[in-house]
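Student: I have a structure here, written as structure tokens, and I will follow up with some questions on it.
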Amino acid sequence: MAATLLLPLLLPVRGLLRGDRRTHAWATMCVAPCFLYGVTETVANPSLRGVAAAILFASLAHFVALVAYLRVTRPQAAGPDIQRP
């Protein structure tokens, strides 16, 4: 089960280490399986609630970090080139 959850997170590692914005953008979708597993196990399995909550927190932190990187490295929009009379 751990391999199933970690495989999607390992796919974008190369692009993340290079700082590729496109990889950071689509890597947010790779966090979804861990998030869904965390939510499901937190609700449905009381014996694994602590572990599932930790996975849920880690997946949310990873998602927030990816989105924060995208916001910080956002290219600046060019100003209007139209001259008004």
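The values are calculated or read from the model by the stated rules, or taken from the named source; none is laboratory data. Just so you know, these numbers come straight off a predicted model, no measurement behind them. Reconstructed Cβ throughout: ideal geometry from the backbone, glycine too, with neighbour counts over all protein chains shown.
Student: For F63, work out the one condition from (1) of a type in the set (A, V, I, L, M, F, W, C); (2) exposed (fewer than 13 other Cβ atoms within 10 Å of the Cβ); (3) at pLDDT 95 or above it doesn't fulfil.
Tutor: Going through (1) of a type in the set (A, V, I, L, M, F, W, C); (2) exposed (fewer than 13 other Cβ atoms within 10 Å of the Cβ); (3) at pLDDT 95 or above one by one, F63 breaks only (2).
Student: Mind checking which residues of segment 26-56 are under 21 Å from R71 (Cα atoms) and out of contact with any helix residue (DSSP H, G or I) (no Cβ under 6 Å at 6 or more places or on another chain)?
Tutor: Applying the first criterion (under 21 Å from R71 (Cα atoms)) to segment 26-56 yields 26-32.
Result: W26, M29, A32.
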